[in-house]
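Accompanying notes for the structure given below.
No value in this document is a laboratory result; all are computed from the given coordinates. Worth saying up front: this structure is predicted, and the values here are computed from it rather than measured. Cβ sites come from the backbone with ideal geometry, for glycine too, and all protein chains shown count toward neighbours.
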Amino acid sequence: MEVLASGGNATDAAVATALALAVVHPVAGNLGGGGFAVVRMGETVAALDFRETAPSAAWREMYLDASGAPRPEASLVGGLAVGVPGSPGGYFELHRRFGRLPWEQVVAPAIRLAEGFTVTSRLASDLESEKALLARFAASARVWLPGGTPPRVGSTMRLPRLAAVLRAYAAEGPGAVTAGTRAEALVAAVRAHGGIMTVADVASYRPVWREPLRFRAFGWELAGMPLPSSGGIIMAQTLGLLERVGWARQPAGSVQRLHLLAESWRRAFADRFLLGDPASTRAATEHLLASAWLDRRAAEIDPNHASPSTMVRPWTPGPEEAPETTHLSVVDGEGNAVALTTTLNGSFGSGLLVPELEILLNNEMDDFATAPGRANQYGLVQGEANAVAPGRRMLSSMTPTLAWRGVEIVAIGSPGGSRIPTATTQVLLAVLVDGAPLEVAVAQPRIHHQWMPDEVLCEDGEASLQAALIRLGHRVQVRPRLGEVHAVRRRGNGSLEAGADPRGPGTAAVLPARLLESAGRPNPIPSRRSERLE
Ligand code: GLY
């Protein structure tokens, strides 16, 4: 909000927020991880991939033991779990192409926070939950568990080394982290804990601009993230199937709607089995989104009964087809929009902190099919296209998405691993199809299905519909929380609306016009969970 009030645009605000999260939200905000951003700036729609890559020495069986059995912890904890970080280059590149304010000004709030910020109850409880992980690494424990426990709620947390890194980053750009002594420190921390990353891996990492996944659904135009995230493809397939099976005609909140959602996701996630880095994917996006394929998939859906997942196979060429993450959304007064999702993968990533930099490192390597055909930490079963290979980007489910119709525009996304596309899609449907206000849409109870395991996850709030789903042939499991959506919208009359999910502590706010006019003034309005201001 401060950056917008200083005359910054949506990109400036998004990058500044991502960097602030790298300080105050170490569970997912990061400089040691990666992510994706979908942006619309003026007439330009673009997608930035700053996903981590496998180190150059990575190999297909690196997470299997001598007998070929998976070693799941190796891809989750410590040096071998760490992918080559994409965030330092990614945030810089996003700002270089679309930012308006000077780079130093965009990094400044994060520096200020690193010099001292107040510990929130969410931060203390996140640290408490992952105490055992952080305690395994002396440097991580020294910073985040001083005296063996999380810092007290309300106390001031100071990260002087991270502040120094950010100052160098503000002055020199990504090379301040990815080259020279800081890159050496990062690699030394990884290798001291069993990793294989090299300084050359870190220095040669580049973010990639990709063609955003553009499609239409329910009268709206959408832009989603293409591979190496599966999020955009899952969302586009799901909306395409729901249009075909008449989802919008079913009553809001009905079991029929939930059933059709579950059946659509069952099919979209089955196709996900074929996906991976754009260079290794075994199904092309255009095949998975071809009308003929969506027609065939829609025809398979029985409105009265669940199809067992074992009967739903991934896409195969047929005659008709010949040929714990964090998300932020920003819309500025000009209608520019950024949806940015960034992650360390698991909470606090690999648990490994680079002592000299106070940067936590990701465990994104677990997003590869570390043992193709077997489930990962999200229960996702993935295929050969996503096997570990040097330099390859691991398949993601992150779903930063923009949807617009005339002057209306929505920026949206969520954390939550495999639940990201399903949570984001449900909120988007409530807004695009049912016209729900954002704060209502983000709060509604949600469900999830991902093909394998063959079960519908329901939040507690959906209990009354569970029996009906079971009658339709679904297996049902209850989960307390599915995703944590964050969305901002400019409405047809130009007014702005922001919604943060009540499932988490995220906040959303609208900057009053009078503050936009007084550029340069710090933001005096308190952040609220959700706001709707004219
Ligand atoms: N690390 C979660 C995802 O990328 O889907």
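Assorted remarks:
- DSSP bridge pairs, the chain: antiparallel proportion in percent, nearest 5: 90
- Three-way shape label, the range 369-524, alpha-carbon gyration tensor, a/c 1.5: oblate
- Calculated FRET value between Ala299 and Ser254, using beta carbons and R₀ = 25 Å, to 0.05: 0.70
- The range 416-435 and the range 76-148 have Cα centres separated by 27 Å.
- Peptides 146-154, 166-174, 397-405 ordered by average Cβ neighbours within 10 Å, highest first: 397-405, 166-174, 146-154
- The alpha carbons of the range 220-379 give a radius of gyration and a Dmax of 18.6, 59 Å, in that order.
- Modelled spin-label separation between Ala188 and Ala132, with each label point placed 7 Å from Cα along the Cα-to-Cβ direction: 3.2 nm.
- The modelled label-to-label distance between Glu286 and Ala375, using points 7 Å beyond Cα along the C-beta direction, is 3.7 nm.
- Here Tyr91, Tyr205, Tyr378 are placed in order of increasing Cβ neighbour count within 10 Å, fewest first, which gives Tyr378, Tyr205, Tyr91.
- Burial order of peptide ranges 58-66, 28-36, 498-506, 324-332 (average beta-carbon count within 10 Å, highest first): 28-36, 324-332, 498-506, 58-66
- The relative contact order of the range 103-219, computed from alpha carbon pairs under 8 Å that lie at least 6 residues apart in sequence, is 25 percent.
- Estimated purely from DSSP H runs of n ≥ 4, each contributing -39500 (n - 2.57), the mean residue ellipticity at 222 nm for the chain is -9500 deg cm²/dmol once divided by its residues.
- Here the range 43-108 has an Rg and Dmax of 17.9, 55 Å, counting Cα atoms alone.
- Nitroxide proxy distance, nm - points 7 Å out along Cα→Cβ at Ser495 and Ala66: 7.0
- Anisotropy class of the range 26-154 from Cα gyration tensor, a/c 1.5 cut: oblate
- With 0.36 nm allotted per residue and the present C-alpha distance subtracted, the Thr181-Glu43 stretch has 45.6 nm of extension available.
- Backbone HN-Hα couplings from phi across the range 356-366 [Karplus 6.51/-1.76/1.60, Hz, Gly and Pro as x]: 5, 10, 6, 10, 7, 9, 5, 10, 5, 4, 6
- Positive-pole candidate from Gly33, Thr198, Pro109, dipole of the chain, charges at beta carbon: Pro109
- Which of Ser56, Ser229 has the fewest Cβ neighbours within 10 Å, and the rest in rising order: Ser56, Ser229
- Separation between Cα centres of the range 210-247 and the range 252-273, rounded to whole Å: 14
- Shape parameters for the chain, alpha-carbon atoms, Rg then Dmax in Å: 22.0, 66
- By the Kirkwood approach, averaging reciprocal distances over each pair of separate Cα atoms, the range 114-188 gets a hydrodynamic radius of 13.7 Å.
- 3J(HN,Hα) along the range 338-345: 9, 10, 10, 10, 9, 7, 9, 6 Hz, from the Karplus curve 6.51 cos²θ - 1.76 cosθ + 1.60 with θ = phi - 60°, whole Hz, x for Gly and Pro.
- Potential lengthening of the chain between Thr149 and Thr118 amounts to 9.5 nm, from the contour at 0.36 nm per residue minus the alpha-carbon distance.
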